[in-house]
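The values are calculated or read from the model by the stated rules, or taken from the named source; none is laboratory data. Note that the structure is a prediction, hence the values are computed from the model and not measured. Here the Cβ positions follow ideal geometry from the backbone for every residue, glycine too, while neighbour counts run over all protein chains shown. Only protein heavy atoms, including side chains, enter the accessible area calculation; ligands, DNA and RNA are left aside. Shrake-Rupley method; radii C 1.70, N 1.55, O 1.52, S 1.80 Å.
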Amino acid sequence: MLEALKWEKADLESLKGQPESLRMEFKSSRLMENDQNKVKDELTKVVTAFANTEGGVLIIGIEEEKLEKTRVAKGLDSGIELKKFSPEWIGSIIENNISPPLTGMRVRRVMINETHYACVIVVQPGTT
């Protein structure tokens, strides 16, 4: 799971066709176009679910499609605009809305181009 913190753009592109699982979830960067409360609610829901189980990786910036009952990665989308939403802001939104605090959550940006990135969030299993 921690190897996800080393991923580059090519690694994210190689996820095309991979299904979501109990430890991997994909979100489109369009999520960031919602109001701040919806972003907060969606991110904290996924991160809390990972923390309450075996941990996992959430990637924002990958389109998904439904194939039968499974959601699979369709590919990278246009990404999150760095000037609007920093990875630190995303991490603080999550950290400030989960109690008790998570230990070991890491947020990393993977640049898609000069101005947009995909966000990789690695969540360790919770301790409480």
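Checking every one of the GluC sites (Glu not before Pro) in the range 66-128 against DSSP loop status and a limit of 15 other Cβ atoms within 10 Å picks out GLU68, GLU114.
Of all GluC sites (Glu not before Pro) in the range 1-45, which ones are in loop regions per DSSP and have a Cβ with at most 11 other Cβ atoms within 10 Å? Please report the intermediate quantities before stating the final value.
Working: sites: GLU3, GLU8, GLU13, GLU20, GLU25, GLU33, GLU42; in loops: GLU8, GLU20.
Here the GluC sites (Glu not before Pro) that fit, given the DSSP loop and packing criteria, are GLU8.
For the chain, the per residue solvent-accessible surface stands at 58 Å², with DNA, RNA and ligands left out and a 1.4 Å probe. Across the range 42-52, rounded Karplus estimates of 3J(HN,Hα) from the backbone phi angles (6.51 cos²θ - 1.76 cosθ + 1.60, θ = phi - 60°) give 5, 5, 5, 4, 5, 5, 4, 4, 4, 5, 7 Hz, Gly and Pro being marked x. Excluding same-chain neighbours fewer than eight residues apart, the lysines reachable from LYS84 by a Cα-Cα span under 25 Å are LYS6, LYS9, LYS27, LYS38, LYS40, LYS45, LYS74. Just the number, please: carbon plus sulfur as a percent of the accessible area of the chain, 1.4 Å probe, no ligands or DNA/RNA counted. Roughly 47 percent of what the probe reaches on the chain is carbon or sulfur. Taking the helices alone, the chain has a mean residue ellipticity at 222 nm of -7000 deg cm²/dmol, built from -39,500 (n - 2.57) per DSSP H run of at least 4 residues and averaged over all its residues. So what does log10 I(q)/I(0) come out to for the range 77-117 at q = 0.19 Å⁻¹, using the Debye formula with one equal point on every Cα and no solvent? At q = 0.19 Å⁻¹ the computed log10 ratios are -0.60. State which stretch of the chain is the longest one without any exposed trypsin sites (Lys or Arg not before Pro), exposure meaning a DSSP loop state and at most 16 other Cβ atoms within 10 Å. After excluding every exposed loop site, the longest remaining stretch is 24-68. Here the chain carries DSSP beta bridges of which approximately 85% are antiparallel, counting only pairs with both residues inside. Diffusion of the chain by Stokes-Einstein, at 10 °C in a medium of 1.306 mPa s and with Rh set to the Kirkwood radius over alpha-carbon pairs, works out to 109 µm²/s.
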